[in-house]
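Notes follow once the structure below has been shown.
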Amino acid sequence: MTSQSQNPKTSDTPPVRAPSAVPVDDTVLPFEVGPLDLRGRLTRLGPALDELLEKHAYPTPVAKLLGEAIVLATLLGSSLKFDGRFILQTQTDGPVSFLIVDFQAPDRLRAYARFDESRLTPGLDSGALLGNGHLAMTIDQGVDMSRYQGLVALQGGGLEEAAHEYFLRSEQIPTRVRLAVGEELRSGEGGRHHWRAGGMLLQFLPKSPERARQADLHPGDAPEGASVHAVQEDDAWVEGQSLIATVEDVELIDPDLSGERLLYRLFHERGVRVFSSLPLRAQCSCSRDAVAGMLSRFEAKDRADMVKDGKVVVTCEFCSSVYEFTPQEAGVEEAGE
């Protein structure tokens, strides 16, 4: 295994060393497999995921689904080269009707799920929990900069499937994603569980764009019998897909298996290069000043309607923080003068 602290595009010869045996949680580890023209990122989440999920005491199926969304957002959002935001959001007709993960580069995460507990029947997988709707992925580059948004339909499939469809249709980059979320029980803590998650994104990025060509999309309403242009997949990408398909969920979330050792297991025959890991943390961007600013944008009548028992109370959906304002602080009296 080789390591490098610079950008993956750096051409300097990196040092060669054994893969670290020390697991590190709440990080994204970029890597590349040069002989196969593969690049990717490996996410491992522990305490940060615990903090995000435990704020709301979600039912287990909802927590696992939101955990998958958080992992996917870190895999995609960590590629931003500027201090912007990557927002992953689903709106569907399933038992979990709304998910949002807000990744603020370079390292801040917050997330929230809305669900109908009466529809959470046993045995529902991710696809059934989501149902039909859409997945939106938005890149916000900040004030005075245009937003980019990609949409992909959700039709009973899970987030892995949706990510593959997104890259096929929007980015046209051969991509495979693996997501895993699980609970860990630790002795000596009275049976308290901890959430763990892991994920891997692998992309085929050869220097020649012809090698990365993919088969045409389904012709839709083309006449019956119309031929579909077929493209033979590059051998390197076939090998890459075969290797990532062997990754088991338990490997992605194993607290005793370091990310470097997992990558070495997969790619040691070809050689894998890792780059400096990127730390992640759970931190909401809400504040009393931000909430006050939000209230000031409401119409006077709407602010007056918010007064209950002599105060205005606002709860952050992401982190459950509660902010209380007097009517004067919320601008109610001033608005009514």
Discussion item. Name the residue from PHE98, LEU72, SER242 whose Cα lies farthest towards the positive end of the charge dipole of the chain, charges +1 on Cβ of Lys and Arg and -1 on Cβ of Asp and Glu.
Written reply: SER242
Practice prompt. Taking the Cα centre of the chain as origin, sum charge times position over the Cβ atoms of Lys and Arg (+1) and Asp and Glu (-1), and report the length of that vector in debye to the nearest 20.
Written response: 760
Worksheet entry | 30 Å Cα-Cα reach of LYS64 towards lysines, excluding residues that sit fewer than 8 places from it in its own chain | LYS55, LYS81
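Compute, for the range 81-207, the length of the dipole vector about the Cα centre, with Cβ point charges of +1 (Lys, Arg) and -1 (Asp, Glu) only. Units Debye, rounded to 20. Intermediate results must be reported in sequence, preceding the final value.
Working: 14 positive and 16 negative charges, 64 e Å.
Roughly 300 debye, rounded to the nearest 20.
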Worksheet item: In whole angstrom, how far apart do the alpha carbon centroids of the range 246-269 and the range 143-170 sit?
Response: 27
Worksheet entry | q = 0.25 Å⁻¹, the range 288-336: log10 I(q)/I(0) [Debye, one scatterer per Cα] | -0.92
Discussion item. Test of understanding: in a Gaussian network model of the chain with alpha carbons linked when under 10 Å, which of GLU317, GLU210, GLU165 would top the mean-square fluctuation ranking?
Written reply: GLU210
Worksheet, complete the sentence: Any trypsin sites (Lys or Arg not before Pro) in the range 41-93 that lie in a DSSP loop and have at most 15 other Cβ atoms within 10 Å would be LYS81
Worksheet entry | Net charge, LEU257 excluded, C-beta distance under 14 Å - Lys, Arg +1, Asp, Glu -1 | -4
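Excluding ASP235 itself, what net charge comes from residues whose Cβ is under 13 Å from its Cβ, given Lys and Arg +1 and Asp and Glu -1?
Working: positive: ARG211, ARG270; negative: ASP37, GLU233, ASP234, GLU239.
Once positives and negatives cancel, what remains is -2.
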Worksheet item: Mind listing which chymotrypsin sites (Phe, Trp or Tyr not before Pro) in the range 16-100 are in a DSSP loop and have 14 or fewer other Cβ atoms within 10 Å?
Response: PHE82
Practice prompt. Let me have the 222 nm mean residue ellipticity of the chain computed from DSSP H runs of 4+ only, each contributing -39500 (n - 2.57), with the sum over all residues rounded to the nearest 500.
Written response: -6500 deg cm²/dmol
Worksheet, complete the sentence: Looks like the chain, by Cα gyration tensor root eigenvalues a ≥ b ≥ c and the a/c under 1.5 rounded cutoff (else prolate when a/b is bigger than b/c, oblate otherwise), is prolate
Worksheet item: Taking LYS207 as the anchor, which aspartates and glutamates have their alpha carbon closer than 20 Å to its alpha carbon, excluding any fewer than eight residues away along the same chain?
Response: ASP12, GLU32, ASP37, GLU171, GLU233, ASP234, ASP235, GLU239
Fill in: Proximal lysines relative to LYS301, as straight alpha-carbon distance under 26 Å, when same-chain residues fewer than 8 apart are discounted
LYS311
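We did not get these values from a lab; they are worked out from the coordinates using the rules stated. This is a predicted model, so every value here is computed, not measured. Here the Cβ is made from the backbone with ideal geometry for all residues, glycine too, and neighbour counts use every protein chain on show.
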